[in-house]
Each structure stands twice: as C-alpha cells, then as structure tokens.
Amino acid sequence: MNHYLTLKELPESERPYEKCERFGPEVLSDAELLAVIIRSGTKKERAVDLAIRVLDRPGGKKGLSALYYYSQKELQKIKGIGKVKAVQLCCVAELAKRMQSASFRETTVFDSPEKIADYYMARLRHGRTEEILLLMLDTKGRKIGDEVISKGTVNMSVLSPREVLCTALRYEAVFLVVLHNHPSGVPVPSDADISVTRQLAAACEIVGISLRDHLIIGDNCYLSMREKGFLD
C-alpha cells in the first residue's frame, strides 16, 4: 500500500506556503495559490489536491475563473470545503473583482466605452442572471456613483425609465451610462434592448440629462449601443 504524504511530510520545497515564503507567490501554480488560502485538506487529500478539485468546476468554468461562479452553498457541497472555507473562497472572488475596480483612480474620466467596460467587466461578466447597472457621471465625465436598478431579470425590457431618472436626479447626474450583462457571454442586443434604450434616451433628454451609452457586457467582451449606431 502506498503511503500518502501529508503536507507536513512533503519536503518544504513542495509545500505551497513554504514555497511562497521562499520564492514568492509568482512561482506558485493556480492550485498552489488556492491551497495557501484553503490551508488544510482532508484525511485522504492534501490542500493542493482539494484546490485542484475546486478549480475543476463540473459543467462550467475551469481554473481560477471558476471561483466567480460558485455560490457558498455550491462550495460547501465539495467534500473538504466547510462553511468557513466556502466563505473565504467567496471573499477571495469578491476581492479580486474589487481589486480590478480599485485600479481605476477616483479621478478617472469615463470618456470611452472601453474605459467603462474595463471598470465593470470583472463585476458583471460572471453573473449567472442579468443585472442592470446605472453609472452616473458629472459634467467632466467622472463617476458620481452607480446603482444596480434591476437584478435577476430575463431581459432589458423590465428597465423603468422612471426609476432611472429618479435615481439620476437624486445623484444630480449630468451623464448616464446603462450597463447590463448577458449571462450567455455574447453581448448581442435584442430588439427589446434597443427599444428600451431609445425610450430611455428620449426620457432623459426631456429632463436635461444625457444618456451617454448603453453597454452590454459579455464574457470578457462588450458592445456599445452608441458605437453600433443604436443611439444618436
């Protein structure tokens, strides 16, 4: 019978924590990085092996991006992942999203669809249901705030121009950008997306607010309604 080596029995050069401490995190594999967070495995499995199973998400995304798609309950169904580890992993995924957004300084001017998409990509691209977000900008195109105005919807047609305008006026916004994700990963607008965007643009014009754009976020890609000619 083969003897199973625990992490403590492994040479220090093969233990993720000690390896990181000695050579730096950049030398660790994805599974080893995750193993440092997980810290311990089970009686029959090392933390690294457990991490490999976590990254091999059944029927879905693989690798580190799989963490974005797990819910806490789904993680807890994995043998060796209890409530504490599940919460930690969910927090790691959320932290990664916020770190990407934090790389933009508060003084960033959102003057192009590309900048806006880059800022919100990590936050929206992994959503399993459709989420509609409203970005509000000042006269210089700087972010005043953002709010999710609809979540878990099937399509954009549920967007209420009244709700958008009430939110925009509360923030005293000058420019607006609507963003929503397509869980399919393909940012192709539906007829309803185009129709409600034009209705919203007309409503905004009446109260002196400009709808600058409507971005559809896919899987690491996006579509700008204005660039495609759906907004004047």
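The values are calculated or read from the model by the stated rules, or taken from the named source; none is laboratory data. Note that the structure is a prediction, hence the values are computed from the model and not measured. All Cβ positions, even for glycine, are placed from backbone atoms using ideal geometry, and neighbour counts span all protein chains on display.
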**OP:** Identify, by number, the condition in (1) on the phi > 0 side of the Ramachandran plot; (2) assigned by TED's automatic domain parsing to the domain that holds G141; (3) of a type outside the set (S, T, Y) that G229 doesn't meet.
**Re:** (2)
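This table checks each residue for (1) of a type outside the set (G, A, S); (2) over 30 Å from G59 (Cα atoms); (3) in contact with a strand residue (DSSP E or B) (Cβ under 8 Å, 6 or more places away or on another chain).
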| residue | (1), (2), (3) |
| --- | --- |
| S112 | no, yes, no |
| L134 | yes, yes, yes |
| L179 | yes, no, yes |
| P187 | yes, no, yes |
| A203 | no, yes, no |
Subject >> Whichever residue in the range 46-84 is part of a loop (DSSP other than H, G, I, E, B) and more than 23 Å from D219 (Cβ to Cβ) and, among such residues, is farthest from the chain's Cα centre (by Cα) >> reply: R46
**OP:** Those residues that are touching a Leu at 6+ places or on another chain (Cβ under 6 Å) and aliphatic (A, V, I, L, M), I need them from the range 39-66; list them, please.
**Re:** A51, A66
Subject >> Neighbours by Cβ (under 8 Å, 6+ apart or cross-chain): first from the range 163-174, in the same structural domain as K151 (by TED's automatic domain parsing); second in a helix (DSSP H, G or I) >> reply: V164/L200; V164/A203; V164/C204; L165/A203; L165/C204; A168/C204
Original post:
When you look at K8, is it in contact with a Lys or Arg (Cβ under 9 Å, 6 or more places away or on another chain), among the basic types (K, R), at pLDDT below 85 and part of a loop (DSSP other than H, G, I, E, B), yes or no?
Top reply: yes
**OP:** Quick one: R212 ticks every box in (1) farther than 17 Å from D118 by Cα; (2) at pLDDT 95 or above; (3) of a type in the set (K, R) except a single one, so which number is it?
**Re:** (1)
Original post:
Say we look at the range 152-172 and pick out the residues that are of a type in the set (S, T, Y) and at pLDDT 80 or above; which of these is farthest from T129 (Cα to Cα)?
Top reply: Y171
